[in-house]
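Below is one structure, written out as structure tokens; the observations come after it.
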Amino acid sequence: MADTSDVILRYIEENWSQARQAEDQRATMTNIVVGIVALLHAVLAQIGLNHSSLPVTILITVLGLSGFVASAKLYERNRFHVARARKLRDRLEELHSDAHISELLSKARAEHKKEYPFWYKIRLYQLWLFLHLLIAVLGVIYTLLIIA
């Protein structure tokens, strides 16, 4: 039984590691997008909102949309690995039912939810997606101001 548990634990660790990697990649990608958009805003500040700055505003929109898509995909990968880790944890609990893993995790979740009722409802991935959507909308607004 210990051998089976050890194998399951390794797979759990591997999946949690993969889930963290997706989050790290999302943070890195977002930092790159925000950095480039900040640079593009500096360019816009220098040249102003005119027809020659149209490619810059379109690039801001494209960066926002591509960041949105990449962030959504990385969230999907994170959820995949978390789901796998949870299934493996369920199997580990079957093997060691005396550990009461699910019961302990449920208690911790309930306490956390009680302490942070507002923030508990907000999902972190939604904030990441909102940031990229905001960048894209800003690019569209700049583009419309130039065209109008």
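The values are calculated or read from the model by the stated rules, or taken from the named source; none is laboratory data. Just so it is clear, the model here is predicted, and its values are computed rather than measured. All Cβ positions, even for glycine, are placed from backbone atoms using ideal geometry, and neighbour counts span all protein chains on display.
Rundown of residues vs (1) in contact with a His (Cβ under 8 Å, 6 or more places away or on another chain); (2) hydroxyl-bearing (S, T, Y), yes/no style:
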residue: S5; (1), (2): yes, yes
residue: L9; (1), (2): no, no
residue: A19; (1), (2): yes, no
residue: H41; (1), (2): no, no
residue: I47; (1), (2): no, no
residue: H51; (1), (2): no, no
**Study point:** Yes/no for K121 being at pLDDT 95 or above and not β-branched (V, I, T)
**Key:** no
Point to revise | Residues located in the stretch 41-61, provided they are farther than 15 Å from L134 by Cα and touching a residue at least 12 places away in the same chain (Cβ under 8 Å) | key: V43, L44, L49, N50, H51, S53, L54, V56
**Study point:** Single residue of the stretch 80-102 satisfying the filter (modelled with pLDDT of 95 or more and over 18 Å from D6 (Cα atoms)) that is farthest from the chain's Cα centre (by Cα)
**Key:** A83
Point to revise | helices (runs of 4 or more DSSP H) completely within the stretch 100-148 that count 3 or more residues being within 18 Å of V37 (Cα to Cα) | key: 124-147
